[in-house]
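As structure tokens, the structure follows; a few thoughts come after it.
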Amino acid sequence: MSRKKRFITLIEAQKHSLEKGYKTGKSHLFRRKCQCILLSNEGRTVSELAELFEVSPISIYNWLNRWESDGIEGLQLKPGRGRPAKLRTDNQQQVKIVKTLVENEPKNLNRVVGQVQSRLGVEISKKTLQRFLKSLNTGGSVPAGD
């Protein structure tokens, strides 16, 4: 016994917005999702779409469900993906502590790394500290070659 075939039926305005998203979307994954919905409208089955896009059928079902529930906004990537930052520029307490430690030891970031670990309980590398300071735009207080 087979499952009922699932397709998306689109009106002209939806087709237009999906075609625009497929042609001009910023994210490659977003463009693929738009194309998938358009192909489903043309009568492609979930298994054909999964093979074409080289993803599991469950992913295709998720894309179709998001389209049906949220429209084109449901196909967009959500914020918060990826690894969270160890030090955050919007956390004023962390920024203040790190700036104070760097002002006290501007020539030796290895010591600052150790103090950050003991003070904030965050294990970071020297490179992570340098990137954090650069994001704060500290104006050259980070030695480049150390």
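Read-outs: derived from the displayed coordinates by stated rules, not from any lab. Just so it is clear, the model here is predicted, and its values are computed rather than measured. Cβ atoms come from the backbone with ideal geometry, glycine included; neighbour counts cover every protein chain shown.
Here each label is just a point 7 Å from Cα along the line to Cβ, and for Leu52 and Thr24 those points are 2.4 nm apart.
Between Glu103 and Gln117, the simple label model (points 7 Å from Cα in the Cβ direction) yields a spacing of 2.5 nm. Distance check, please: which entries in Lys26/Lys127; Lys99/Lys126; Lys86/Lys134 exceed 26 angstrom between their Cα atoms? As for pairs spanning more than 26 Å Cα to Cα, those are Lys26/Lys127. Full extension of the chain between Arg6 and Arg83 gives 24.2 nm of extra length, using 0.36 nm per residue less the Cα-Cα distance. Contact order, relative form, for region 70-136: 28 percent (alpha carbon pairs under 8 Å, 6 or more residues apart, mean separation divided by residue count). Could you please state, rounded to a whole Å, how far the C-alpha centre of region 82-124 is from the C-alpha centre of region 1-47? Value for the Cα centre distance between the two parts: 46 Å. Taking 0.36 nm per residue of separation and subtracting the Cα-Cα distance, full extension of the segment from Arg31 to Ser69 would add 11.8 nm. Local charge for Gln94 was computed over the other residues whose Cβ lies under 10 Å away, with Lys and Arg +1 and Asp and Glu -1, and equals +4.
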